[in-house]
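My structure is below; once you've seen it, I'll send some questions.
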Amino acid sequence: MIRRPPRSPLSSSSAASDVYKRQGVQADKIAAVSFTNRAAAELRARLEPTAGASGGFTGTLHGLAGAVLRKHRCRFSVLDETDKAALVQRVAGGLGQQIQRNKAVRWLEQEGSEEMVQSYQATCAAMGLVDYDGLILKATTQGNLGGWRWEHLLLDEAQDCSQGQLEFVASVAEAVFAVGDPDQRIYSWRGGTEGSMKEGVEAALGRGVACLSLMENWRSSKTIVQTAEHVVSEGAFDRGHRAADRTYSPPVKVVSHSCAKKEAVWVADTISKLVQRDRTMRGCDVAVLGRTTAVLNEVRRELVQRGLAGEHSAGPGERETELTTELRNLLRVVANPRDDMALIGLLSAVKNVGPKTIQKCTTDVPEGQLMVALQSGTQQSNLTKTAANAVGTVLRLVERLVNLQPAGSDGSSDAIVAEFVRHKNSMDPDSIISAHMLQAALQSSVVGVSPVSRDQPDGGVELCTVHAAKGLEWRCVFIVGCEEGLFPHERTFKDHEQVEEERRLMFVGMTRACDLLHLSYAHSRFQAGNLLVPKGSRFLSELPAHCVERISLS
């Protein structure tokens, strides 16, 4: 097990390359796993020059769990948080309870009765659905039964894994190489392991592990490393982080503004001047990060006006969002015909199929049997001819796509996307869509951040939350909204450990920057229709004076 700071020279990608080159292990026997889809994509890009595109698995823990289950021919659909909330709301409604969708998941986990939990689990079983926790548990059970295992599994961001996730890793791998940094543990609210990372890995593996600490940061400049260390340690002591020798180490800029609007204008103007002045700096080398997505809205508008925002940083258009949702539902139905929720969502997107038609289709149909009922024709007798034809079109499309899939496929092949595009274009020839656009939109909807390619010379500035930036890096980073109540967030004030996690989150955001780091805050900001008059974040007052240039534009 390796404890390393951001971008240590020994990472999961370099470890995978070492296993592949020196130990002679076949690439398809190696799995490399990171915490987010974007971080996994970066990991994959670093591995391809060594192992090639046909190497072993590279992805997220949940992606690996899905791969394990599909190797054993399990058919299921995965509920994301939005899907899970909708299902909880539906199950609660069946039991005569009305709950808000945005509070449904937390309500189930904290206040749900035994009857509610059992009903939710029974509905999931009938429809072949698993939520994220259920996916890991199901895959762990399958892994413990024996059979096929990875020879080597490289686990990145191990500090953010829950004990259940670590046990899953141990169940599907012969040898585990875990890399992590306790100072970057920012997902305790998702069940991230508390306490010693080493103890968590040892408990999961059931044996002792060798631990090596590498404290040299090869990504960030010396001033960035020193300021970030002061935040994570409250400026009180040296945690041992070291920056590699670099000649370019400008001060970190801390900038105050009179209002959020002026902060956004300053960010956009500064980026524009930076890109024009430095011809080696492209828009995609710059990122604007915020504690929440709401704090990025003003900046997003200014960047869009200047043509600096990445293709997806401006947020997907309404049609793109609808098509992405429709495609995701289609992929789920193809992979798992028992997924009634996805089938209903797919039917609802079709012209001439409204709420009354959906109600007629689902009346007296057991959970998980909607596809069977529609295919048998028993439900169409009560529909109008137009509605029945529309439902029939969907059923024929699903059947055609199921036949395109090889045995054991997960239903996400390019063939399905291409066929979906052909189908939509034939239905609506005046509004042509492309497979490339849909695939990019689908990635954006799954990952939650902009999928702008850094290989494109015209790639724009990326905007995302600090959580979504985990595992990524840019030459220049702006962190906006560094204010008390926003960063650290006000809901953490009553819990010391949560404030400490906010510190680690700020540390993560700061160490996404390689060369230039700007921290900014505003003295007034509208939030949810209310005018706030915050003061600068407590983290800013802890920065070392010799590493910081403070600028007041108030």
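Considering only the range 109-125, I want to know if a residue exists there that is aliphatic (A, V, I, L, M) and buried (at least 20 other Cβ atoms within 10 Å of the Cβ).
Residues of the range 109-125 that are aliphatic (A, V, I, L, M), as a first pass: 116-117, 122, 125.
In the following step, the residues that additionally are buried (at least 20 other Cβ atoms within 10 Å of the Cβ) were identified as none.
The answer is no; no qualifying residue exists.
Of all residues in the range 366-395, count the ones that are part of a loop (DSSP other than H, G, I, E, B) and either at pLDDT 90 or above or surrounded by fewer than 16 Cβ atoms within 10 Å (Cβ to Cβ) (or both). Steps first, answer last, please.
To start, the set of residues in the range 366-395 that are part of a loop (DSSP other than H, G, I, E, B) comprises 366-369, 377-379, 383-384.
Now drop any that are not either at pLDDT 90 or above or surrounded by fewer than 16 Cβ atoms within 10 Å (Cβ to Cβ) (or both), which leaves 366-369, 377-378, 384.
Within the range 366-395, residues that are part of a loop (DSSP other than H, G, I, E, B) and either at pLDDT 90 or above or surrounded by fewer than 16 Cβ atoms within 10 Å (Cβ to Cβ) (or both) number 7.
Here are Glu483, Glu462: which of them is in contact with a Gly (Cβ under 8 Å, 6 or more places away or on another chain) and either open to solvent by 10 Å² or more (accessible area, probe 1.4 Å) or closer than 27 Å to Ser34 by Cα (or both)? Explain how you work it out, then say what you get.
Working: Glu483 fails: either open to solvent by 10 Å² or more (accessible area, probe 1.4 Å) or closer than 27 Å to Ser34 by Cα (or both).
None of the other options fit; the residue is Glu462.
Next question. What tally of residues in the range 78-100 results from selecting those that are modelled with pLDDT of 85 or more and either charged (D, E, K, R) or within 25 Å of the chain's Cα centre (by Cα) (or both)?
To start, the set of residues in the range 78-100 that are modelled with pLDDT of 85 or more comprises 78-79, 83-100.
From the residues that got through so far, the ones that are either charged (D, E, K, R) or within 25 Å of the chain's Cα centre (by Cα) (or both) too are 78-79, 83-90, 100.
Result for the range 78-100: 11.
Just a yes or no: is a residue in the range 311-327 at pLDDT 90 or above and within 28 Å of the chain's Cα centre (by Cα)?
Start the filter on the range 311-327 by keeping residues that are at pLDDT 90 or above, which leaves none.
Scanning the range 311-327 turns up no residue that is at pLDDT 90 or above and within 28 Å of the chain's Cα centre (by Cα).
Could I ask something else about it? Could you list, in sequence order, the residues of the range 177-202 that are modelled with pLDDT of 80 or more, hydrophobic (A, V, I, L, M, F, W, C) and either out of contact with any His (no Cβ under 9 Å at 6 or more places or on another chain) or surrounded by fewer than 21 Cβ atoms within 10 Å (Cβ to Cβ) (or both)? It would help to see each step written out before you state the result.
First, the residues of the range 177-202 that are modelled with pLDDT of 80 or more: 177-187.
Next, from what is left, pick out any that are hydrophobic (A, V, I, L, M, F, W, C): 177-179, 186.
Matches in the range 177-202: Ala178, Val179.
Please go through the range 281-304 and pick out each residue that is more than 21 Å from Thr465 (Cα to Cα) and either modelled with pLDDT under 90 or not in a loop (DSSP other than H, G, I, E, B) (or both).
The initial filter retains those residues of the range 281-304 that are more than 21 Å from Thr465 (Cα to Cα), namely 281.
Scanning the range 281-304 gives no hits.
Could you check the range 529-546 and list, in sequence order, the residues that are touching a residue at least 12 places away in the same chain (Cβ under 8 Å), among the hydrophobic types (A, V, I, L, M, F, W, C) and out of contact with any strand residue (DSSP E or B) (no Cβ under 6 Å at 6 or more places or on another chain)? Before you say what the answer is, go through the steps one by one.
Initial filter on the range 529-546 (touching a residue at least 12 places away in the same chain (Cβ under 8 Å)): 532, 534-540, 542-544.
Checking the rest, the ones that are also among the hydrophobic types (A, V, I, L, M, F, W, C) come to 532, 539-540, 543.
Answer for the range 529-546, where residues must be touching a residue at least 12 places away in the same chain (Cβ under 8 Å), among the hydrophobic types (A, V, I, L, M, F, W, C) and out of contact with any strand residue (DSSP E or B) (no Cβ under 6 Å at 6 or more places or on another chain): Phe539, Leu543.
State yes or no: is Arg400 of a type outside the set (S, T, N, Q), at pLDDT below 85 and in a helix (DSSP H, G or I)? Working first, answer last.
Details: of a type outside the set (S, T, N, Q): yes; at pLDDT below 85: yes; in a helix (DSSP H, G or I): yes.
It is true that Arg400 is of a type outside the set (S, T, N, Q), at pLDDT below 85 and in a helix (DSSP H, G or I).
So is Arg538 part of a loop (DSSP other than H, G, I, E, B) and not acidic (Asp, Glu) or not?
Numbers: part of a loop (DSSP other than H, G, I, E, B): yes; not acidic (Asp, Glu): yes.
Considered against the rule, which asks whether it is part of a loop (DSSP other than H, G, I, E, B) and not acidic (Asp, Glu), Arg538 comes out as yes.
Given the criterion under 15 Å from Lys253 (Cα atoms) and open to solvent by 10 Å² or more (accessible area, probe 1.4 Å), identify the matching residue among His523, His496, His489, His518. Break it down into steps so the answer makes sense when it comes.
Details: His523 fails: under 15 Å from Lys253 (Cα atoms); His496 fails: under 15 Å from Lys253 (Cα atoms); His489 fails: under 15 Å from Lys253 (Cα atoms).
After ruling out the rest, the residue left standing is His518.
Further question: Would you please name the residue that is nearest to Gly147 (Cα to Cα), looking only at residues in the range 63-120 that are part of a loop (DSSP other than H, G, I, E, B) and charged (D, E, K, R)? Give the derivation first.
Filtering the range 63-120 for residues part of a loop (DSSP other than H, G, I, E, B) gives 72-76, 79-80, 95-100, 111-113.
Then keep just the ones that are charged (D, E, K, R); that gives 73, 75, 80, 111.
Working: Arg73: 13, Arg75: 18, Asp80: 28, Glu111: 39 Å.
Within the range 63-120, the match that is nearest to Gly147 (Cα to Cα) is Arg73.
Same structure, new question: Within the range 45-69, take every residue that is at pLDDT 80 or above and of a type outside the set (A, V, I, L, M) and give me the one that is nearest to the chain's Cα centre (by Cα).
Checked the range 45-69; the qualifying residue nearest to the chain's Cα centre (by Cα) is Thr60.
The values are calculated or read from the model by the stated rules, or taken from the named source; none is laboratory data. As the structure is a computational prediction, the values presented were derived from the model and not from experiment. Glycine also receives a Cβ, built like all others from the backbone with ideal geometry; neighbour counts cover every protein chain displayed. Heads up: the accessible areas ignore ligands, DNA and RNA and are worked out on the full protein's heavy atoms, side chains in. Shrake-Rupley method; radii C 1.70, N 1.55, O 1.52, S 1.80 Å.
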